[in-house]
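The values are calculated or read from the model by the stated rules, or taken from the named source; none is laboratory data. Just so it is clear, the model here is predicted, and its values are computed rather than measured. Heads up, the Cβs are rebuilt from the backbone with ideal geometry, glycines too, and the neighbour counts pull from every protein chain shown.
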Amino acid sequence: MKQRVLKRLTLQQAIEIFASRKWNFFEVKANEGFVRLEAPVGTGEVYVVELPYRDQDDLRQMVAAMQEHGFLEQEVRIVPE
């Protein structure tokens, strides 16, 4: 899997860039203090943006903005086969 990590974007810029895409996902990385946005490009590639948040209020605003623009919240799990 190739991850294209886009640096120095704001939440608004990421929303503008990804808004026209069909599938956009986000995951709150609470232990690490950031939100990870993902937009799949194809079967082996994804655009990634990692955005830090200051506090729970900031996080709530970010989540609301992403959901308003059609981003789907995900939780990535690794399970043994």
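The figures follow:
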| read-out | value |
| --- | --- |
| Search result, residues across region 9-39 that are of a type in the set (D, E, K, R), modelled with pLDDT of 95 or more and in a loop (DSSP other than H, G, I, E, B) | Glu32 |
| Condition check for Glu50: at negative phi and assigned to a strand (DSSP E or B) | yes |
| Cβ pairs under 9 Å, 6+ apart, first in region 55-80 and free of Cβ contacts under 8 Å to residues at least 60 places away in the same chain and within 19 Å of Asn31 (Cβ to Cβ), second of a type in the set (Gly, Ala, Ser) and surrounded by fewer than 12 Cβ atoms within 10 Å (Cβ to Cβ) | Leu59/Ala30 |
| Residues being out of contact with any Asp or Glu (no Cβ under 9 Å at 6 or more places or on another chain) and part of a loop (DSSP other than H, G, I, E, B) - total across region 72-81 | 5 |
| Hits in region 41-65 - residues which are among the hydroxyl-bearing types (Ser, Thr, Tyr) and surrounded by fewer than 17 Cβ atoms within 10 Å (Cβ to Cβ) | Thr43 |
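Quick grid of which residues meet (1) in contact with a strand residue (DSSP E or B) (Cβ under 7 Å, 6 or more places away or on another chain); (2) over 17 Å from Glu75 (Cβ atoms); (3) of a type in the set (Val, Ile, Thr):
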| residue | (1), (2), (3) |
| --- | --- |
| Gln13 | no, yes, no |
| Trp23 | yes, no, no |
| Leu37 | yes, no, no |
| Gly42 | no, yes, no |
| Val46 | yes, no, yes |
| Glu50 | yes, no, no |
